[in-house]
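Written out below as structure tokens is the structure these notes cover.
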Amino acid sequence: MKKQEKKTEFQWTKKDLLSLYDLTAEEIVCILDTAEEFKKVCQRNVKKVPALRGKTVVNFFVEASTRTRMSFELAEQRLSADIINIQADVSSLQKGETLLDTVKNIEALQADLIVMRHSAPGSHKLIAPLIRCGVINAGDGAHSHPTQALLDIFTIREKKGGIKGLNVSIIGDILHSRVARSNIWGLIKLGANVTVAGPATLVPKEFEKIGVRVCHNVKDALENADVVNLLRIQHERQTAGYFPSTNEYAAFYGLNQGNAKYLRPDALVMHPGPINRNVELSSDIADGPQSVILEQVTNGMAVRMAVLFLVAGCVKK
Ligand code: CP
């Protein structure tokens, strides 16, 4: 299949990966192409290369995670890095230490990369210019989750042969979703047509200003979509009642047997996880033939290996 965005000669120059908003289309394609090479490593019997031997990576998760954290840790192991995991609830953040002091101490221990998840939007942008270590954003509040969007885009490119001209619909709690924002920035840069859909309270018209089509009717979002990405209701970030009940949300905005007839037979069904089964997505579709949800998880390792490898190459000693 034709890879219309493929560029092989591009030289990566950034020591941090903070947001897809900051990247050019060429930089995004560079990560995707590098991930293709690492996917081949992940398919070998011995899934390990010495690319980060002698480098230290600190995984600093100040917010809950299953997929992202495991995926980064496995990616680091496959690159032969030395790894330290820090959890916020047992770190000195609990004793009043500032985030900057914590990461300065990580730097003083000669770490090369910090992979951080934090509930405060912009926290990575605050620390990255102040430390020598490379900083990789593993999610900051409702703002950005660049490696999730990269693995989503990688999976779409792998399945569809390219991104340009595809119709991608993202359905759910767009307002509170870092995954939605990151996908929108990346997909638009690569030439996709993006629709966002859900209740007006969670999908405000303002999103049109960043170049997406906004609709409040799931049928409109499903028809002609090459890719449908379902998002969870982010209860942990909501401060108000944005819809009357979960049952009504599932009935009006969930993808289920009632509205699956509007899905194209070749449409991909995606979800970043964790899924709330039978709310945004019914179990039969989540586990059905159009679902690539677990392939997204698998691809996440290759994408994170690519990101770790590229940024590590730009960290000064
Ligand atoms: N998709 C995602 O970020 O999942 P986790 O919160 O489990 O890392």
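The values are calculated or read from the model by the stated rules, or taken from the named source; none is laboratory data. What you are looking at is a predicted structure, and each value in this text was computed from that prediction instead of being measured. Note: ideal-geometry Cβ built from the backbone for every residue, glycine included; neighbour counts use all protein chains shown. Each accessible area value is taken on the protein alone, full model and side chains, heavy atoms only, with ligands, DNA and RNA left out. Shrake-Rupley method; radii C 1.70, N 1.55, O 1.52, S 1.80 Å.
Here are some notes:
- In the elastic network of the chain, a GNM with C-alpha springs shorter than 10 Å, the most mobile of V218, V196, V135 is V218.
- DSSP beta bridges in the chain [antiparallel fraction, %, rounded to 5]: 5 percent
- Stretchable slack from K159 to R213, in nm (0.36 nm times residue separation minus alpha-carbon distance): 17.1 nm
- The separation of the range 187-226 from the range 63-115, counted between C-alpha centres, amounts to 35 Å.
- Compared with the alpha-carbon gap, the fully stretched path from E26 to S80 is longer by 16.7 nm at 0.36 nm per residue.
- Across the chain, Cα-Cα distances exceeding 31 Å account for 29% of all pairs.
- When every Cα-Cα distance of the range 1-87 is counted in 10 angstrom steps from zero, the calculated P(r) takes the values 14, 38, 40, 8, 0 percent.
- The residues of the chain expose on average 43 square angstrom of accessible surface per residue, using a 1.4 Å probe on protein heavy atoms.
- Calculated FRET efficiency, Q11 to S283, Cβ-Cβ distance, R0 = 35 Å: about 0.15 to the nearest 0.05.
- Backbone N within the range 169-204 under 15 Å of label point (7 Å from D266 Cα along the Cβ vector): none
- Alpha-carbon centroid distance for the pair the range 241-271 / the range 26-57, whole angstrom: 35 Å
- Antiparallel DSSP beta bridges within the range 105-207, percent to nearest 5: 10 percent
- Taking the accessible area of the chain, probe 1.4 Å, and keeping the other protein chains in place, the carbon and sulfur fraction comes to 53%.
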